[in-house]
1. Taking region 120-129, which residues are surrounded by fewer than 17 Cβ atoms within 10 Å (Cβ to Cβ), in contact (Cβ under 8 Å) with a residue 24 or more places away in the chain and not hydrophobic (A, V, I, L, M, F, W, C)?
2. Among what's in region 201-219 and is buried (at least 18 other Cβ atoms within 10 Å of the Cβ) and of a type in the set (D, E, K, R), pick the residue that is farthest from ligand 2 (Cβ to nearest atom).
3. Can you tell me how many residues within region 35-87 are out of contact with any Cys (no Cβ under 8 Å at 6 or more places or on another chain) and either within 7 Å of ligand 1 (Cβ to nearest atom) or farther than 20 Å from K2 by Cβ (or both)?
4. Starting from region 130-141, take each residue that is more than 19 Å from Q81 (Cβ to Cβ) and list its partners that are acidic (D, E) and exposed (fewer than 15 other Cβ atoms within 10 Å of the Cβ), counting only C-beta distances under 8 angstrom and pairs at least six apart or across chains.
5. Quick one: I59 ticks every box in (1) of a type outside the set (G, A, S); (2) farther than 27 Å from D217 by Cα; (3) within 16 Å of ligand 2 (Cβ to nearest atom) except a single one, so which number is it?
6. Quickly run through region 151-200 and pick out the residues that are within 13 Å of ligand 2 (Cβ to nearest atom) and free of Cβ contacts under 8 Å to residues at least 40 places away in the same chain.
7. Which one of these does E181 not meet: (1) out of contact with any Leu (no Cβ under 7 Å at 6 or more places or on another chain); (2) surrounded by fewer than 18 Cβ atoms within 10 Å (Cβ to Cβ); (3) farther than 27 Å from Q289 by Cβ?
Amino acid sequence: MKILVTGGAGFVGSHLIEKLLAAGNQVVCLDNFYTGRKENINQFLANSNFSLLEHDVTIPFESSVDQIYNLACPASPINYQKNRIETIKINILGAINCLELSKKLGGIKVLQTSTSEVYGDPDVHPQVESYRGNVNPIGPRACYDEGKRCAETVFFDYHRQSNIPIRVVRIFNTYGPNMSEDDGRVVSNFIVQALNNQDITVYGQGEQTRSFCYVSDLVDGLIKMMETNNWTGPVNLGNPGEFTIKELANKIISLTGSRSKIIYQPLPQDDPRQRKPDISLAKEKLNWQPQVDLEAGLIKTIEYFKKVL
Ligand code: NAD
Ligand code: UDP
């Protein structure tokens, strides 16, 4: 198959492409390197099944492919808040452009990487797909949260109106090799700080919780969802293990043997207090559940950062 991956030079995209190529597919990576990096895809350039389309997803594009995975969008709060209007455009116009391409090609499958952020600061715990969320529509994170929510709307309306076969996945915090050291997300921040024996910056009291999924598990789930028949989702993909941010900091200090100390910094506005996926649907419909626990995933990620720092 020939598969288009938008955002393929990013953290998740680079792992997805690796797996799709290994399975014998041809892959077209569309990216404008807004947050992605050439280093993440250099390894594929010599592979004749790989091609790079340097392009902005907000501008319509053409490519003769059999499937589309839409990942193009900055994912870290620091990056998606740098230019909030651009984040909204990437989410909405990017979704429309992928779906229009599918329509032109006669209705090929398009998978949207949505996010646990659609649940906002959740009052339902753990989060099930039927929960409609608690998002502040005018807050600093709204460009991403509401952008992703509207992208889901766009996907479902193309499905209803034009019969496009869509797949919608709500990804919970995912980590692993190929994250940028300066991307600002908590796992990469803490590992880089720990390896450099710098202070570990915990925001707030560190009592907020997150569930961390290792990237190989996520990629398996994305491919399973794409391959499933007659089901649009949305489906949660994430690791249901739940940890406070302080627990994460201590785990990373201990696994790296670092001399770093924890310091406390202000909690960003609208930072969700808790997050944990209910993955019953993914288990039932996709026979999917994570295989890599937090400690094993952190060890692999620490090894990666030791090599690149
Ligand atoms: P990332 O920032 O590492 O990668 C995003 C990629 O999209 C980058 O290569 C970037 O250059 C590209 N991109 C951004 N704007 C673009 C544009 N206008 N045109 C073309 N390419 C553009 O993020 P990631 O962690 O790999 O996330 C991938 C997708 O998964 C994103 O859509 C993100 O919202 C979603 N997601 C990720 C997580 C996570 O924890 N990693 C959680 C929830 C959702
Ligand atoms: N966080 C932190 N220190 C950091 C980076 C993040 O304490 O250096 C916290 C952040 O406030 C949030 C959690 O870690 O509560 C996860 O943040 P991240 O930006 O990785 O993703 P989010 O789940 O907020 O989108």
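The values are calculated or read from the model by the stated rules, or taken from the named source; none is laboratory data. This one's a predicted model, so the numbers in the text were calculated from it and none came from an experiment. We place every Cβ from the backbone using ideal geometry, glycine too, and count neighbours over all the protein chains shown.
1. Of everything in region 120-129, just one residue is surrounded by fewer than 17 Cβ atoms within 10 Å (Cβ to Cβ), in contact (Cβ under 8 Å) with a residue 24 or more places away in the chain and not hydrophobic (A, V, I, L, M, F, W, C), namely H125.
2. Residue satisfying both the conditions and the ranking: D217.
3. 23
4. Within 8 Å, the pairs are N134/D123.
5. That leaves (3) as the condition not met.
6. D182, N189
7. Only one criterion is unmet by E181, namely (1).
Okay, residues lined up against (1) assigned to a strand (DSSP E or B); (2) surrounded by 17 or more Cβ atoms within 10 Å (Cβ to Cβ); (3) in contact (Cβ under 8 Å) with a residue 40 or more places away in the chain:
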| position | (1), (2), (3) |
| --- | --- |
| L30 | yes, yes, yes |
| T35 | no, yes, yes |
| Q43 | no, no, no |
| N47 | no, no, no |
| I59 | no, no, no |
| I68 | yes, yes, yes |
| I90 | no, yes, yes |
| A95 | no, yes, yes |
